[in-house]
1. Spin-label point model (7 Å from Cα, Cβ direction): what's the residue 353 to residue 414 distance in nm?
2. List the relative contact order of the chain as a percent without decimals, with contacts defined as Cα pairs under 8 Å and 6+ residues apart.
3. Going by C-beta contacts inside 10 Å, put 313, 210 in order with the fewest on the left.
4. Testing the spin-label approximation: label points 7 Å from Cα along Cα→Cβ at residue 94 and residue 495. State their distance in nm.
5. Normalised by the number of residues in segment 61-176, what is the relative contact order in percent for Cα pairs under 8 Å and 6+ residues apart?
6. Can you give the charge dipole size of the chain about its Cα centre, rounded to the nearest 20 debye, using +1 on the beta carbon of Lys and Arg and -1 on the beta carbon of Asp and Glu?
7. Could you give the nm distance between label points at residue 197 and residue 209, where each point is 7 Å from its Cα heading toward the beta carbon?
8. Cα gyration tensor of the chain, axes a ≥ b ≥ c as square roots of the eigenvalues: rounded (a/c below 1.5), prolate (a/b > b/c) or oblate?
Amino acid sequence: MCRSLVVFGDGDMSEAFLQAIQQTVCDPQVWGVVIISAFYGVFLGAMPGLTATMGVALFVPMTFWLGPVPAVAAIVTMVACAIFAGDIPTTLMRIPGTPASAAYADDAYAMANRGEAGRALGMALWFSVTGGLFGAVVLMLAGHQLAKIAAWFSVAEYFWLYLMGLSCAVIVGQASVPRALLGLLLGLLFSTVGLSAVHAQARFTFGQTELYQGINFIPAMIGLFGVSEVFRNVTQLVLDTRIVKPVPVGRDGILGPATRSFARRPLAWLRSSVIGAVTGILPGAGADIAAWVSSAVSKRYSRTPEVYGAGSEECIADACTANSASLAGAWIPALVFGIPGDSITAIVIGVLYMKNLKPGPEIFEQQGAFVYSIYLVFLLANLVLLPVGLLAIRTGGQVMRVPRPILLPIILLFCIVGAYAVNSSLFDVGLMLGFGLLGLICERWKISLGAMVLGIILGGPLEERFVQTLTAGQGSPIAFVNRPVSGTLALVCLLLWGSVAWRAWNRHSRTGSN
């Protein structure tokens, strides 16, 4: 079948796209990885307290034994399924399985109390799939076009792009600006550890030879997102005694009401999809921000805003559409500019570097088949989500009955094995535990982990581009703004921080007048 497809499309499709079809649709390994990752993602999302980011961090050591396409396929699938599966405990127990589910927790739980849990989960599943497919289409259309523009950029433009990405992580994130800025500064500090790529001088190594190459990305990510979750769950280990009942299914099935709502409100779906995709592109925003923004806009234009918070199907539909559409949107800055759209794509960039694949405009020219494979993987992941999600709904909350005292030690064991497997180093295990404690402290003080991750990832390239620009301009700061694009990007960065200063001044003025 695949051979006939390749022969048939040989005159119409590019060679890279045909190769991508062979690497994804026609590869049994990719299908096996996608299916296994789908069930793994459902398990992660359905367990309150376990996040998709933690699951990706735990999976990173496994990518050593997988090719680039299966590795990316696994990450994309598990995240898409985890985001939906977070709606299961949200609906049945009013415990958000993932942060993205919190935006409509009251509505989903209210529907469950009315005996409409199947209807609520059907809405969540259908609009998660359709929103994810829309995000994949946006990624396909925008990725290559932006890559053509980015190919004209010099080091000065990249400096401002990195700075803009870090600024968005501070301004757009859920944490307050001071706490997000503190997280960013910590990340930038960690990025300076090791031999400087610019000056070839060892910094902050404290005599530890293991730090000469910098802080190992994988143990740091596992610690921040995996171990910190284990520590947090241990400190809050309160067993929920509520019995999770099977999900009731109406006479018209699970997806019947959702498909009718989709046909009745196509413009609302399109609006939420666009909000999700655009929000995903902003570094540091993520699916949870997309869900909150979309639900707020949905309520603003709804004919029945009084129902929101008390069992609104519109709120669930629009928020689920946005949070799934944002997942693919976050890959656009990651692939085109090497700027992570969220903490998950930050981990993905680390995986790509391990596979000797450097994100940026060059990846579209030199690795076209791989980029097309990513596009196809997003389509496959969302299509596989539909049957796997239906199975998860029908089995109800069985996965949530796994006792926490059994689950948490297993997760910690996987964290330790994953950190050790990278370099067979006990130092990396200690580094992972240290970052786990740091992650726990940051969560307690609501310091942005997403901004910290972006600081770790972009700190080195930011410093390198800064020095390169000054060198090219013979020490003159005019080199940062002497081109139209670099000047425009510099102006955007100034406007971003100017808006923050303006809002802070207004708040201070109102407080002082009161």
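All of the numbers you see were taken from the coordinates with simple rules; none came from a lab. None of the values given here were measured: they were computed from a predicted structure. A quick note on method: Cβ atoms are made from the backbone with ideal geometry, for glycine too, and the neighbour counts reach across all protein chains shown.
1. Spacing of the two 7 Å Cα→Cβ label points: 2.5 nm.
2. Reported as a whole number, the value is 28 percent.
3. 210, 313
4. That separation, rounded to one decimal, is 4.3 nm.
5. 14 percent
6. Result for the chain is approximately 1220 debye, rounded to the nearest 20.
7. Here the modelled spin labels are 2.5 nm apart.
8. Rounded, because the longest to shortest axis ratio a/c is under 1.5.
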